[in-house]
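Worksheet: one structure, shown below.
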Amino acid sequence: MKKRTLAFLVATTLLGGLIGCAPLTVINALTTSRSYDKKADIAFGNDPRQQLDVYTPHNLSGLAPVIVFFYGGSWNSGNRGDYAFVGEALASRGIVAVVADYRLYPQVRYPDFIDDAALAVAWTLKDIHRFGGDPKRIFVMGHSAGAYNAAMVALDPRWLGKLDLKTGVLRGWIGLAGPYDFIPIENLDVRPVFFYPATPPESQPINHVMASAPPALLIASHDDKVVNPLRNTAGMANKLRASGVEVTELYFDKTSHASLIATMAWPLRGLAPLLDNVEQFVKSDGGREKYARQEK
């Protein structure tokens, strides 16, 4: 009964759009640790913010697919420890989860946090086999600002290219309520991050779509008052399709910008099948297996 009451309080708070430190703390308190082994505080760079945690599913038989996850927070806030529920959710579905921090404003501005995201991917490619992950099945995923980071790493070859890697090392990318086309910038917290009003056009993920991009799963809430889903999620999906890139585009009715990522946690999974869709995308190799079956 206590857990049910806490779950109700969490749901009520998040549906009000107030996803902050306290609600995330409650979610993590309700999250089991029985589905994974966790290795924390792994450095992928020299800065204290360049660290990650790895969640490996219990009882693996062979190497598992991998998701590198980046959280949101307008590039101003966030901590990987607040997203243990994401690591647990993915591990519970047989996916190795890498939850990475990255440097934030005012320590850095665009594009330094993208460099951090690329470094986290490079570390994953090199070392994830030691944690049960398959380096040939790596996906990047993010929510809000984290979805931007994931999109830029997957679409713009500059960032992995600095590390002598190509975007083709990724099997796909997953964007949850991501900002992909946001000039002119309306969010006052985000403006200094991107040098407003002189925001460079190359900072926009939608400007880097190419036919060689990996498959995408794009998910948003119809009732998103923070990141316009029509301009960003639908606009990105249309641009990808026009370039011949496979994309799955989904919208949910019972979530907001904030509560979308929270539906990864077990108390809120009834609000939207987000975790189911992520699992399906990853385990179908970014949709490749699904389309291969259809062509036979």
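Quick note: the coordinates plus some simple rules give every number you see, no bench work behind them. These figures come from a predicted structure and were not determined experimentally. Here the Cβ positions follow ideal geometry from the backbone for every residue, glycine too, while neighbour counts run over all protein chains shown.
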Total lysine pairs whose alpha carbons fall under 25 Å of each other in the chain (8 or more apart, or interchain): 26
Provide, in order from the shortest bin, the percent of all Cα-Cα pairs of region 116-238 in each 5 Å bin, continuing until the bin that contains the maximum pair distance. 2, 11, 21, 23, 19, 13, 7, 4, 1, 0
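Fewest to most neighbouring Cβ within 10 Å: what's the order for ARG269, ARG93? Could you put the intermediate results ahead of the total?
On the way: ARG269 15, ARG93 19.
Placing the least packed residue first, the sequence is ARG269, ARG93.
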Round to a whole angstrom and tell me the spacing of the C-alpha centers of region 73-137 and region 214-251. 22
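For a distance above 29 Å, tell me the whole-number percent of Cα pairs in the chain that qualify. Write out the running numbers ahead of the final one.
Values: 12038 of 43660 pairs.
Value for the chain (Cα pairs over 29 Å): 28 percent.
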DSSP bridge orientation in the chain - percent antiparallel, rounded to nearest 5: 30
Would you order SER256, SER243 from fewest to most other beta-carbon atoms within 10 Å of each residue's own beta-carbon? SER243, SER256
Length gain on complete extension for the stretch ASN79 to ASP127, per 0.36 nm per residue less the alpha carbon to alpha carbon distance? 15.1 nm
Magnitude of the Cβ-charge dipole (Lys and Arg +1, Asp and Glu -1) of the chain about the Cα centre, nearest 20 debye, reported as 620
Dividing the alpha-carbon Rg of region 193-296 by 2.2 N^0.38 Å yields what? 1.22
Among ILE183, GLY146, ALA216 the positive-end extreme of the charge dipole of region 134-265 (Cβ point charges): ALA216
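Share of Cα-Cα pairs in region 91-176 beyond 19 Å, in percent?
Result: 34 percent of Cα pairs exceed 19 Å.
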If you stretched the chain out fully between LEU60 and ALA234, how much longer would it get, using 0.36 nm times the residue separation minus the C-alpha to C-alpha distance? 59.0 nm
